[in-house]
Protein chains: 2
Amino acid sequence: MNIREEAQKMKLDAPAMASSSIEMRNAALRAVRDALTAGSGEIFAANAKDMAAADKAGISDSIKKRLKFNEGKLRDVLAGIDELIRLPDPLGKVLLARELDEGLRLYRVSVPIGVIGVIFEARPDALVQISSLCIKSGNCAILKGGKETSETNRTLFRIIYSAAAGAGLPKGCLLQAEQHNEIDELLSCDRDVDLLIPRGSNQFVQYIMNHTKIPVMGHADGVCHIYVDRAADLSMAVPVILDAKTQYPAACNAVETILIDRPAADVFLPTLAKAFSDAGVTMRGTKEAADAIKTCGYDCGVMAEDEFHREYLDLTVSIRLVDGVKEAVSHINRFGSHHTDSILTEDDGAAEYFMQMVDSAGVYRNCSTRFADGYRYGFGAEVGISTGKLHARGPVGLDGLVTYKYKLFGEGHIVGDYAEGKRQFRFRDL
Amino acid sequence: MNIREEAQKMKLDAPAMASSSIEMRNAALRAVRDALTAGSGEIFAANAKDMAAADKAGISDSIKKRLKFNEGKLRDVLAGIDELIRLPDPLGKVLLARELDEGLRLYRVSVPIGVIGVIFEARPDALVQISSLCIKSGNCAILKGGKETSETNRTLFRIIYSAAAGAGLPKGCLLQAEQHNEIDELLSCDRDVDLLIPRGSNQFVQYIMNHTKIPVMGHADGVCHIYVDRAADLSMAVPVILDAKTQYPAACNAVETILIDRPAADVFLPTLAKAFSDAGVTMRGTKEAADAIKTCGYDCGVMAEDEFHREYLDLTVSIRLVDGVKEAVSHINRFGSHHTDSILTEDDGAAEYFMQMVDSAGVYRNCSTRFADGYRYGFGAEVGISTGKLHARGPVGLDGLVTYKYKLFGEGHIVGDYAEGKRQFRFRDL
């Protein structure tokens, strides 16, 4: 397959996709849901092949959990599709309506972005979620999933595509890329692809960002922090920190660095060190933090200053003591990745300062960083999480897949009349 | 001046700028307005030096009009500042408020982008507009204006900066870059600068886009079209087209290509050709169009197909005959630059098809493309016009200078409870 030619064809189909009615897009989603239900046997059989290959390749159990596509995961993605069907149409929303002068009316109306390329990790449920989000939002999408689930992906895509096109969506609504070299071809399609959403390792996302002129939405790093303030309710601190570090350490929204306000350290550090130790979490910290932890009788490595940039993605954590919320915010803005950061405190002033001054997509008070997720935000699903500040920030659901256009209706209006003072603008919101 | 160091300092001031109250930002705008009024003598004296240098350099009258900063332009920018002061605060708007579960509340709140670099043409009024928009929106800004008005820019900037800082805004609120080599330094500040807005020639904007990792908002080309449908009211077609082509031909929203529906050509072409000829507009077209125009007794060059990508920025126009609105839309989506395109028609169906299917920031019916402008849209002013589809599209005012962050308030909530089924999300919009 020649991705460049296919992307060109898709671009030509994009306006028709954008104009499809919400009835047709919802009908397509219902058809996808029914076809996935009817095809579950095929899908599980394909997944069994992928799992056998994973066994052969000696892939770890934790990764195999992601590759697996079983009854439970099918049920979850079907529930996600039902949720998407229930959500209102993200297209055609009038975001601004203004009369500029008599007979001259301006409207800002939501429209799809157009053609989106999504490159994602080996997780079959992601393929279903991403294609459903693109169908609902009227975008054409090129999907490239991780090769470890290629059999499952191929079967899922065939079922989804045939249901969507069968429901009347344009031929170019969805396309699957299967070869790794097609990624580089996709990166060169800046005339036809409007947006790329890469998911995966820091290195992979950086590679994408550095090798294309297409706008990229997503995140390379998830260096998330929890700051334990002097006014924290320490009884909630340990469960929140353990959840953020251990509930799913490979996730981008898992916490990497714990900052502890010095006045809280004496009381809190022994409890925290014991909890980390019991949970099998390796501790590293500044010399000050490491010494204090060792005094409590636990191991803690000493780390260099610039290692605080590090995303571990496993059961390791960085620890530092700070002097209050101001120093915590400085540390986070300097070493963080603008993803999600949480303050634990009962002090409203400290919380307000933290949430105002931390320059991240998500700023939390008294809860785990792991809530940064489209499903948990009630978006139905997400295509990814953005740490960029333009367009969409944080978990990206339907809202992040639309843009707008301005429609201006006149009766022969010309600018010369206003430039020469024959007419004046009389702005009036409608 | 070391731009990289200054940008780092500015980044540290950005959270304080973002947290400044609307009272302080409006007070700063009032102080800027008053200081500009009080300093008008100085400003005009500086501008006189720039104008003398322009005379010496033999710069054309049409460009000198842009360099000039006189009573009239001062009045216009002061009116723009007053308009900005009246506009509501773009920051702190709650864009989404949702209870995820008991005691767990999510808010999407508008915040400034952070540090913005704006590189603009030699037009002193632009410096005032851009700095006012950045002050109102709580962004820190690095400004680099065209060198032909360096004396005026320096005086304006000194007055504006001292008024803004005097009103209590952080030291790093505004910075002026004056040397051309500082542009390249600015392009390398991707850790500290969140957004670049370049204005100027196609070549210059392309250079910026190709030499930085910082997100860029703006447009390289303004290849705008007017399509004269078979159902057009031909009496409005000539004035609208003349306005779009001749009222300010160097503007990005001036029309470059006229598409004429074949059934309208016989009647309309002779009138249009005469009007263009009388206005001194050079006509170029497909062989078909050129032959028809020559038959009417006017000159028309024959152009190659791929020249329809061309932005003339002067009194030259491309002409093509098409078969109806579908072919017009195909031409525009293929050869246009997604800026602004207009259909002239009394047929609602044709207008709706055109405005739905043309993939541009502005789609117009029965009016001139020259209306694509922040002031004319009632935004008070604009920092630029975006042909990109992400974040902001079309004229960019205050709305395009803000992003959002998610604030999540909990009471010790952890994700593990939901993963294990101990708790369920109960989404409820607040």
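The values are calculated or read from the model by the stated rules, or taken from the named source; none is laboratory data. Just so it is clear, the structure is predicted and the values come from calculations on it, not from any experiment. Methodologically, a virtual Cβ is constructed for each residue, glycine included, from the backbone with ideal geometry; neighbour enumeration extends over all protein chains shown. Surface areas here come from the heavy atoms of the whole protein model, side chains and all, with no ligands, DNA or RNA. Shrake-Rupley method; radii C 1.70, N 1.55, O 1.52, S 1.80 Å.
Criterion first (among the hydroxyl-bearing types (Ser, Thr, Tyr) and part of a helix (DSSP H, G or I)) does B:SER62 satisfy it? Walk me through it before giving the result.
Working: among the hydroxyl-bearing types (Ser, Thr, Tyr): yes; part of a helix (DSSP H, G or I): yes.
For B:SER62, the condition - among the hydroxyl-bearing types (Ser, Thr, Tyr) and part of a helix (DSSP H, G or I) - is met.
Of the candidates B:SER62, B:SER19, the single residue that is under 30 Å from A:TYR353 (Cα atoms) and small (Gly, Ala, Ser) is B:SER19. Scanning segment A:225-252 for residues that are free of Cβ contacts under 8 Å to residues at least 12 places away in the same chain and either of a type in the set (S, T, N, Q) or closer than 20 Å to A:ARG199 by Cα (or both) turns up just one, A:SER235. Condition check: open to solvent by 30 Å² or more (accessible area, probe 1.4 Å), facing chain B (nearest Cβ under 10 Å) and closer than 19 Å to B:ARG98 by Cβ. Does A:ARG393 satisfy that? Judged against the criteria, A:ARG393 is not a match. Of all residues in segment B:408-418, at least one satisfies being without any contact (Cβ under 8 Å) to a residue 12 or more places away in the chain and hydrophobic (A, V, I, L, M, F, W, C).
Within segment A:300-315, residues that are under 16 Å from A:ALA244 (Cβ atoms) have Cβ atoms under 9 Å from residues that are open to solvent by 70 Å² or more (accessible area, probe 1.4 Å) in these pairs: A:TYR312/A:THR282; A:ASP314/A:THR282; A:LEU315/A:THR282, counting only partners at least 6 apart in sequence or on another chain. Restricting segment A:401-423 to residues that are in contact with a helix residue (DSSP H, G or I) (Cβ under 7 Å, 6 or more places away or on another chain) and more than 7 Å from chain B (Cβ to nearest Cβ) leaves a set whose member that is farthest from A:ARG123 (Cα to Cα) is A:ARG423.
Residues in segment A:348-385 that are polar (S, T, N, Q), open to solvent by less than 30 Å² (accessible area, probe 1.4 Å) and either more than 10 Å from chain B (Cβ to nearest Cβ) or farther than 22 Å from A:GLU121 by Cα (or both): A:SER360, A:ASN366, A:SER368.
Look through segment A:294-332, keep the residues that are assigned to a helix (DSSP H, G or I) and basic (Lys, Arg), and return whichever of them is nearest to A:LEU272 (Cα to Cα). So, considering only residues that are assigned to a helix (DSSP H, G or I) and basic (Lys, Arg), the one nearest to A:LEU272 (Cα to Cα) is A:LYS294. Within segment B:248-280, the residues that satisfy the criterion of being open to solvent by 10 Å² or more (accessible area, probe 1.4 Å), within 21 Å of B:GLU311 (Cβ to Cβ) and touching a strand residue (DSSP E or B) at 6+ places or on another chain (Cβ under 9 Å) are B:PRO249, B:CYS252.
Would you be able to tell me the number of residues in segment A:225-234 that are open to solvent by 10 Å² or more (accessible area, probe 1.4 Å), more than 8 Å from chain B (Cβ to nearest Cβ) and either out of contact with any helix residue (DSSP H, G or I) (no Cβ under 7 Å at 6 or more places or on another chain) or not in a loop (DSSP other than H, G, I, E, B) (or both)?
So the count comes out to 1.
Residues in segment B:137-177 that are without any contact (Cβ under 8 Å) to a residue 40 or more places away in the chain and assigned to a strand (DSSP E or B): B:ALA141, B:LEU143, B:GLN176.
Report yes if A:ALA14 is of a type in the set (A, V, I, L, M, F, W, C), under 30 Å from B:GLY349 (Cβ atoms) and within 14 Å of chain B (Cβ to nearest Cβ), otherwise no.
On the way: of a type in the set (A, V, I, L, M, F, W, C): yes; under 30 Å from B:GLY349 (Cβ atoms): yes; within 14 Å of chain B (Cβ to nearest Cβ): yes.
For A:ALA14, the condition - of a type in the set (A, V, I, L, M, F, W, C), under 30 Å from B:GLY349 (Cβ atoms) and within 14 Å of chain B (Cβ to nearest Cβ) - is met.
Within segment B:74-115, the set of residues being touching a helix residue (DSSP H, G or I) at 6+ places or on another chain (Cβ under 9 Å), aliphatic (A, V, I, L, M), open to solvent by 20 Å² or more (accessible area, probe 1.4 Å) and assigned to a helix (DSSP H, G or I) comprises B:LEU78, B:ILE85.
Screening A:VAL128 on (1) in a helix (DSSP H, G or I); (2) surrounded by fewer than 21 Cβ atoms within 10 Å (Cβ to Cβ); (3) more than 13 Å from chain B (Cβ to nearest Cβ) shows it passes everything except condition (2).
Against the numbered list (1) more than 7 Å from chain B (Cβ to nearest Cβ); (2) of a type outside the set (D, E, K, R); (3) more than 26 Å from B:GLU411 (Cα to Cα); (4) in contact with a strand residue (DSSP E or B) (Cβ under 7 Å, 6 or more places away or on another chain), A:LEU398 comes up short only at (4).
Tally time: how many residues in segment B:155-177 are in contact with a Phe, Trp or Tyr (Cβ under 9 Å, 6 or more places away or on another chain) and surrounded by fewer than 16 Cβ atoms within 10 Å (Cβ to Cβ)? Full working, then the answer.
Within segment B:155-177, the subset in contact with a Phe, Trp or Tyr (Cβ under 9 Å, 6 or more places away or on another chain) is B:156, B:173-176.
Next cut, surrounded by fewer than 16 Cβ atoms within 10 Å (Cβ to Cβ) only: none.
So the count comes out to 0.
Look at segment B:199-224: where a residue is within 10 Å of another protein chain (Cβ to nearest Cβ) and a partner is surrounded by fewer than 20 Cβ atoms within 10 Å (Cβ to Cβ) and assigned to a helix (DSSP H, G or I), sitting 6+ places away or on another chain with Cβ atoms under 6 Å, you get B:VAL216/B:MET209. Being more than 29 Å from A:PRO88 (Cβ to Cβ), over 17 Å from the mean Cα position of the chain (by Cα), within 8 Å of chain B (Cβ to nearest Cβ) and not in a strand (DSSP E or B), is that true of even one residue in segment A:334-347? Taking every residue of segment A:334-347 in turn, none turns out to be more than 29 Å from A:PRO88 (Cβ to Cβ), over 17 Å from the mean Cα position of the chain (by Cα), within 8 Å of chain B (Cβ to nearest Cβ) and not in a strand (DSSP E or B).
Can we say B:ASP429 is closer than 18 Å to B:ALA244 by Cα, more than 7 Å from chain A (Cβ to nearest Cβ) and open to solvent by 20 Å² or more (accessible area, probe 1.4 Å)?
Taking the combined requirement at face value, the residue does not satisfy it.
Name the residue, out of A:ALA419, A:ALA351, A:ALA392, that is out of contact with any Gly (no Cβ under 9 Å at 6 or more places or on another chain), under 30 Å from B:GLY378 (Cα atoms) and not charged (D, E, K, R).
Values: A:ALA351 fails: under 30 Å from B:GLY378 (Cα atoms); A:ALA392 fails: out of contact with any Gly (no Cβ under 9 Å at 6 or more places or on another chain).
Criteria check complete, one pass: A:ALA419.
Of all residues being over 16 Å from A:LYS136 (Cβ atoms) and without any contact (Cβ under 8 Å) to a residue 24 or more places away in the chain in segment A:1-44, which is least open to solvent (accessible area, probe 1.4 Å)? Just the residue, please. Among them, the one singled out is A:PRO15. Evaluated against (1) under 16 Å from B:LEU344 (Cα atoms); (2) open to solvent by 10 Å² or more (accessible area, probe 1.4 Å); (3) among the charged types (D, E, K, R), B:LYS287 falls short on exactly one condition, (1). The set of residues from segment A:235-247 being touching a Lys or Arg at 6+ places or on another chain (Cβ under 7 Å) and open to solvent by 20 Å² or more (accessible area, probe 1.4 Å) comprises just one member, A:GLN247.
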